[in-house]
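The values are calculated or read from the model by the stated rules, or taken from the named source; none is laboratory data. What you are looking at is a predicted structure, and each value in this text was computed from that prediction instead of being measured. Note that we place each Cβ from the backbone using ideal geometry, even for glycine, and neighbour counts take in every protein chain shown.
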Amino acid sequence: MIAHISGRIAEKFAGSVIVDVAGVGYEIIVPLGEYDHAVLGEDIKFYTYHHIREQGQELFGFSSLAAKKLFELLITVQGIGPKAGISVMSLGEAEMVRNAIANEDSKFIQKAAGVGKKSAERVIVDLKDKVGLALSRQMADGSAQTSLAGQVDEALEALMALGYSLNDATKALESVPTNLSTSERVTAALKGNF
């Protein structure tokens, strides 16, 4: 399993980037937002999902671990394969997709290429309890000190790097104030002080 790839962007084409790692080029299929932000010659790190099937192997890449974990959840849904999963992830930033699922917005999920009404509803039913509602509740209440929509929550990423699932990390951070530094938020979540 290839967990992540760090290197220089050598080429971009048709929703994929080729990352040069010590002279070896890895073709990585990325969400539309990642593709648009990729700059030729720039050093980058992608968290990857290595999809192996009878006809070949594919790498799907994400700039954040949270986005990769959300993608992995998406492809557990019946009828959502890696191509449809990357299409859903291309609808917007990972937090936007996660909030759409948590808030049962199947019309948003339906906008993804290759995802029909029934598949979108299945995504909502299967994943709404798994993606965690903490951040979406904060955003709805307006209680988030800084808008995390479109941004990577570094504390969430850190907890996931420590082995927490997306849902457990979200629950651990649920009552931790967002105005603390990342390290303070992680420490508070680990201690359960809030």
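A few comments on the model shown:
- Considering residues of region 172-194 that are in a loop (DSSP other than H, G, I, E, B) and among the hydrophobic types (A, V, I, L, M, F, W, C) only, the residue farthest from the chain's Cα centre (by Cα): 194
- Leading residue by the ranking (modelled with the lowest pLDDT) among those in region 90-127 that are within 15 Å of residue 78 (Cα to Cα) and in a loop (DSSP other than H, G, I, E, B): 114
- Selection of region 22-44 for residues being within 24 Å of residue 56 (Cβ to Cβ) and not hydrophobic (A, V, I, L, M, F, W, C) yields 23, 25, 26, 27, 31, 34, 35.
- Contacts under 8 angstrom Cβ, first residue in region 153-166 being touching a residue at least 24 places away in the same chain (Cβ under 8 Å) and assigned by TED's automatic domain parsing to the domain that holds residue 186, partner of a type outside the set (Asp, Glu) and part of a loop (DSSP other than H, G, I, E, B), 6 or more apart: 155/176; 157/64; 166/130; 166/131; 166/132
For (1) surrounded by 18 or more Cβ atoms within 10 Å (Cβ to Cβ); (2) modelled with pLDDT of 80 or more; (3) among the hydrophobic types (A, V, I, L, M, F, W, C); (4) touching a helix residue (DSSP H, G or I) at 6+ places or on another chain (Cβ under 6 Å), each residue gets a yes or a no:
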residue	(1), (2), (3), (4)
136	yes, no, no, yes
145	no, no, no, no
152	no, no, yes, no
155	yes, yes, yes, yes
168	no, yes, no, no
179	no, yes, no, no
182	no, yes, no, yes
